[in-house]
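Participant: Dumping the structure here so I can ask a few things about it.
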Amino acid sequence: MRVRLAATLSLCLLLGTAVALHRSGRAAPAADPHAGHILPTAVPVAVTTALPLPHTGWKVTADSGQTSAAKAIDGAAGTAWLSGTTALPHRLAIDTGNRVAVSGLTYLPRASTATGRIGRYRVQTSDNGTTWAAPVATGTFADDATLKTVTFGTVITRYVRLVAVTEAGNRGRQVAAAEVDLLGGTDPALPRTGWTATADSQETAAANGAAANALDGDTRSIWHTAYSVAPAAPLPHTFTVDMRVTNLVSGLSYLPRQDGGRNGLIGRYRIETSMDGTTWGPAAATGAFIDSQDAQTVTFAPALARFVRITALSEAGNRGPWSSAAEINLLGRPDPTLARTGWTVTADSEETAAENGRAVNVLDGDPATIWHSAWSATPVPGLPHSVTVDLHHAVPVGGLSYLPRPASPNGRIGRYRIATSSDATTWTDRVTDGVFADNPARQTVIFPPATARYVRLTAVTEAGTRGPWSSAAELDLLGPAGSVAPKRGVWSAPVGFPLVPVAAAQLPNGRILTWSAFKADTFSGGGGLTLTATYDPATGVVTQRSVSETGHDMFCPGIATLPDGRIVVTGGNNSEKTSIYDPATDAWTAGPAMTTPRGYQASATLGDGRVFTVGGSWSGGAGGVNGGRHKAGEVFSPATGWTALPGADAAPMLTADSNPNGDYRKDNHAWLFAWSGGRVLQAGPSRAMNWYTTAGTGGVSPAGVRGDDGDAMNGNAVMYDTGKILTVGGAPNYENNDATANAYVLTIAGSTVTTRKIAPMANARAFHNSVVLPDGKVAVFGGQNYPVPFSDNTAVLQAELFDPVTETFSPLSPAAMPRTYHSVALLMPDGRVFTGGGGLCGAGCATNHFDAEIFTPPYLVGVKSRPVITSAPTTAANGSKITVTTDKSIKSFALVRMGTATHSVDTDQRRLSLPQVAVSGGYQLTIPADPGVAVPGYWMMFAVDAKGVPSIARTIRVF
């Protein structure tokens, strides 16, 4: 596993600030100026590096041990916890002593011996160490001594448990861990319901630049300070959010304007919080945003607040006295303040002669009344002073808020200590060296939760050294706080893989075959073998394998599925090779060499069972160099091998990519769709579309252009219904340029392809993956706003859903992991979607994602029952009529061909609506007669009820 670049350390105990921008774990390419992360319209929040949490105060326990469990968190790689010899599974549980934001863990095996390496694992969390939630991550560690990283969506928790289900090499019943670390995460974005915004200046005459635009969820609208009337208001400018309720706020996310303009991008800033919008606390954060249109996030020590104000002190590019924002979000948790019913309070000293300075005033809810230590008598009692709150029963306490007296600074507490007790006799320190600012605003302290009846605040100094006094207007105690709720659709806990799944294929047996290259974490420098990992969704088990029998490094190949279910993998690192996988026998065999060596080519299965491939200049020599030949097409037949098609020239499908090395990038990853009569539609990524013919020596003819779209490299296209293709995203060049949010619908009628531009996606994307669902909608996952290989900068976490009825996109829940270059996605037979991978950039590269997530679309969320196909044939000929029975009334049936994916392209997936007629006992369905449409091979047949809920698919082989 490798660290995902997903969440900045946001532990409630931390003080200070951090401006968090997502950065690659290796040196970022100089051409990549984008160092932020843009989530979709609703919640733009930057992705940042997950860092190990400090071990201070941690405790660890294990189910058994020949050595102490404490050795797993002692920071010494040379020591290790070794479990007992009782039966697996074994468990190692960490108590952080606090409710913290956790987004992953790392596991380091012992270096001295292979025995005891953890194989299959699961990770669970708990708030009490007794009741454990469902796993937040499951997977299989590789059987080697390298550091493993497990990542998952941020969880607010106190306890984390690593469960070792198996020993990696089945060498025995003991497992071991040299070191286990937890990775931090950010608090979630707070819901903005009811929020309002004000600004010191806003443009309303020449444009709609109202402050409210920064809270409207529309990244196209902006707040902009006034500029149309001279002179423009000078900097600094302030933008204030009123959340209407109190929250525990720990960060702010700033999305600069996204309309192409750069005026007003905030540079230096100051962030403050307030309970009343009048009295502002000391700066929660100061710093400077970079001159970029990417989202940037600032985190700071959590503070109770209703109002948050950001002051723009400069314009990032010094372009003028303006400030602007597309969206402002706040991070945090709901207000955890405890009700004070029945509480009492005492103090070591209180003024009762010259004023009412009794301790009870800190609990009366009136900030105008105060506790003040005695000052009128001589001698005046000296510091320290203490106030003790009796809650009258034991409750979990995790923090304190202190409101200084409003009218005078005298007695403001400076340095302080906080302790808790169950009996007012034995005290446990919770904070020993805290410091309150010399400021009249409410100040918040978070400490490890403890069950206590008594809480004591001891004032060690007076903040301004004005005298030996202490005072307070109000004291509140805080309980544990917060959790993250799912939104549209639900993401599973990440499933760990022993490799980066760069290519994937859905198998007829329900399993998913994935592979990387000759190594688990890198593509460069090897050859002759491929590492694979097969995931079984039914058991959650990932099985790894080294495939050397074909002598083929299958990184960056063409992939196509034959009518009998075998998978043909061509070219890539070993550019002339062909390998064939048979899922029926779980065997790999070598096929004949291609006539043209290739890598990054695309392949498509034809109606007659042959496989067409074209392009692929990434390896095997670049086509078109110095006027040389381009990499024309060829076809594979299981009976006769490869046949060159010199007439199927790649020249018409070339993009205008800026790479100067011939066709090195220009002929990559074609969007191929097999169609009638042995023809193949090349729908992209070039703006020019073409028909390829595969008879004789092949041919190519124009199919028009894709409307006003440009070249869309690393975009993709999906056939969501018969002859209907959705194309989304992409960029003019392969890398280092802005992606688009463009979307088009292509309609095939005979030899005519018509193009219609539709409403764009909410997010510009390249390197994304698109998957057609059983109901004809298309889910779009991952990608980047600005594509850069081996970088998660500008990664888009939130998925989107295309509705073919309205031809619009709507947001889905964000993933926990960035899925960018070298990621995959496939529809599973149960109607969920497998997404995984990204990276493969070498040992230690932080953008290596050794995991997958399973996305449950909205049509299955909260569903108690789904339709069942009770009987159906397992095979059907083109043009045949079949009878299918179900347990309930069905609105529609569809076939979805099992997909194969790599590099954002899946030429196998397509969805066909099936005409249906109700007959006695079920439905009669007609399989399309044209094998160019219903391509022979294995398909998933779904039944969809009136509520849009799909069945689990029945597998059917069309022949």
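Participant: Name the shape class, rounded, prolate or oblate, that the alpha-carbon gyration tensor gives for the chain, where a ≥ b ≥ c are the square roots of its eigenvalues, rounded holds for a/c under 1.5, and otherwise prolate holds if a/b is larger than b/c and oblate otherwise.
Facilitator: prolate
Participant: Among Leu645, Asn878, His903, pick out the residue whose Cα is farthest towards the positive end of the charge dipole of the chain, where Lys and Arg carry +1 and Asp and Glu carry -1 on C-beta, about the Cα centre.
Facilitator: In the chain, that residue is Asn878.
Participant: Show the residues, 5+ positions off or on another chain, whose built amide H is closer than 5 Å to the amide H of Val919.
Facilitator: Gln924
Participant: Using 7 Å Cα-to-Cβ label points, what is the Val435/Thr346 separation (nm, one decimal)?
Facilitator: Here the answer is 3.3 nm between the modelled labels.
Participant: Related question: With θ taken as phi - 60° and the coefficients 6.51, -1.76 and 1.60, list the Karplus ³J(HN,Hα) couplings across segment 633-641 in order, rounded to whole Hz; mark glycine and proline as x.
Facilitator: For segment 633-641, the Karplus curve yields x, 8, 10, 10, 10, x, 8, 10, x Hz.
Participant: Starting from the Cα of Asn208, step 7 Å along the direction of its Cβ; do the same at Thr870; then give the gap between the two resulting points in nm.
Facilitator: 5.5
Participant: If you average the alpha carbon positions of segment 743-761 and of segment 892-926, how far apart do those two centres end up, in angstrom?
Facilitator: Between the Cα centre of segment 743-761 and that of segment 892-926, the gap is 20 Å.
Participant: Find how much the distance from Leu338 to Thr278 grows on full extension, using 0.36 nm per residue of separation minus their present alpha carbon separation; answer in nm with one decimal.
Facilitator: Roughly 19.2 nm would be gained on extension.
Participant: If packing is taken as the average number of other Cβ atoms within 10 Å across a peptide's residues, how do 420-427, 833-840 rank, most packed first?
Facilitator: 833-840, 420-427
Participant: While we're looking at this one, here's another question. What per residue convex hull volume, in Å³, comes out for segment 490-860 when only alpha-carbon positions are used?
Facilitator: So the per-residue hull volume is 123 Å³.
Participant: To continue, here is another question. When the Karplus curve 6.51 cos²θ - 1.76 cosθ + 1.60 is applied with θ = phi - 60°, which whole-Hz ³J(HN,Hα) does each residue of segment 573-580 get, with x for Gly and Pro?
Facilitator: 4, 9, 5, 9, 6, 10, 10, 10
Participant: Express the carbon and sulfur contribution to the solvent-accessible surface of segment 869-958 as a percent, rounded to the nearest whole number, probe 1.4 angstrom.
Facilitator: 54
Participant: Which percent of the accessible area of segment 51-184 is formed by carbon and sulfur heavy atoms (probe 1.4 angstrom)?
Facilitator: Ligands and nucleic acids excluded, carbon and sulfur reach 52 percent.
Participant: Okay, next question. What is the diffusion coefficient of segment 51-184 in µm²/s, taking the Kirkwood radius over Cα pairs and the Stokes-Einstein relation at 10 °C with a viscosity of 1.306 mPa s?
Facilitator: My calculation gives 110 µm²/s for D.
Participant: Mind ranking 611-618, 61-68 by how tightly packed they are, going by the mean number of other C-beta atoms within 10 angstrom, highest first?
Facilitator: The densest-packed peptide leads the list: 611-618, 61-68.
Participant: Can you check what the net charge comes to around Ala232, using other residues whose Cβ is under 14 Å from the Cβ of Ala232 (Lys, Arg +1; Asp, Glu -1)?
Facilitator: Here the charged neighbours net out to -2.
Participant: Okay, moving on. Over the chain, give the accessible area per residue in Å² for a 1.4 Å probe, as an integer.
Facilitator: 34
Participant: Near Ile118, within a Cβ-to-Cβ distance under 14 Å, what is the net charge of the other residues, with Lys and Arg +1 and Asp and Glu -1?
Facilitator: +4
Participant: Checking the cross-link filter: which lysines have an alpha carbon closer than 18 Å to that of Lys71, excluding same-chain neighbours under 8 positions apart?
Facilitator: The qualifying lysines are Lys59, Lys148.
Participant: Can you give me the C-alpha center-to-center distance between segment 507-539 and segment 218-263, rounded to a whole angstrom?
Facilitator: Rounded to whole Å, the Cα centres lie 47 Å apart.
Participant: In debye, nearest 20: dipole of segment 594-671 around its Cα centre with unit charges on the Cβ of K, R (+) and D, E (-)?
Facilitator: 100
Participant: Kindly write out, for segment 317-324 in residue order, the coupling ³J(HN,Hα) from the Karplus curve 6.51 cos²θ - 1.76 cosθ + 1.60 (θ = phi - 60°), rounded to whole Hz, with x marking Gly and Pro.
Facilitator: With the stated coefficients, segment 317-324 comes to x, 6, 8, x, x, 10, 9, 7 Hz.
Participant: Tell me the volume per residue, in Å³, of the convex hull enclosing the alpha carbons of segment 353-489.
Facilitator: With only Cα atoms used, segment 353-489 gives 141 Å³ per residue.
Participant: Using the structure shown, list the pairs from Lys864/Lys891; Lys864/Lys947; Lys666/Lys724 with a Cα-Cα distance above 22 Å, or answer none.
Facilitator: Lys666/Lys724
Participant: For Glu462, what residues show an amide H to amide H distance below 5 Å, using hydrogens built from the backbone and excluding near sequence neighbours?
Facilitator: Under 5 Å from the amide H of Glu462: Gly414.
Participant: Let me ask something additional. Run the reach check for Lys519 against aspartates and glutamates, Cα to Cα strictly under 15 Å, same-chain hits fewer than 8 apart removed. What comes back?
Facilitator: Within the straight-line limit of under 15 Å, Lys519 reaches these aspartates and glutamates: Asp143, Asp144, Asp553.
Participant: Compute the signed sum of charges (Lys and Arg +1, Asp and Glu -1) over the other residues within less than 12 Å, Cβ to Cβ, of Gly84.
Facilitator: +1
Participant: Could you sort the peptides 73-85, 213-225, 655-667, 783-795 by per-residue average Cβ neighbour count (10 Å cutoff), highest mean leading?
Facilitator: 783-795, 213-225, 655-667, 73-85
Participant: Once neighbouring chains are kept in place and the probe is 1.4 Å, which whole percent of the accessible area of segment 196-334 is contributed by carbon and sulfur?
Facilitator: Ligands and nucleic acids excluded, carbon and sulfur reach 51 percent.
Participant: Normalised by the empirical 2.2 N^0.38 Å for globular proteins, what value does the Cα Rg of segment 196-334 take?
Facilitator: 0.97
Participant: Follow-up. What is the dipole size for segment 253-329, taken about its Cα centre, with +1 at each Lys and Arg Cβ and -1 at each Asp and Glu Cβ, in debye to the nearest 20?
Facilitator: My answer is approximately 120 debye.
Participant: So how strong a dipole does the chain carry about its Cα centre when Lys and Arg Cβ are +1 and Asp and Glu Cβ are -1, to the nearest 20 debye?
Facilitator: 1380
Participant: Between Glu179 and residues 5 or more places away or on another chain, which pairs have amide H atoms under 5 Å apart, with H built 1.01 Å from N, and which residues are they?
Facilitator: Amide H neighbours of Glu179: Leu108.
Participant: Okay, next question. If you average the C-alpha positions of segment 356-422 and of segment 646-698 separately, how far apart do those two centres end up, in angstrom?
Facilitator: Cα centres, segment 356-422 to segment 646-698: 76 Å.
The values are calculated or read from the model by the stated rules, or taken from the named source; none is laboratory data. Just so we're clear, the structure is a prediction, and the values are computed from it rather than from any experiment. Quick reminder, even Gly has a Cβ in these numbers, built from the backbone with ideal geometry, and neighbours come from all protein chains shown. Just the protein is used for accessible areas: all its heavy atoms, side chains included, with ligands, DNA and RNA removed. Shrake-Rupley method; radii C 1.70, N 1.55, O 1.52, S 1.80 Å.
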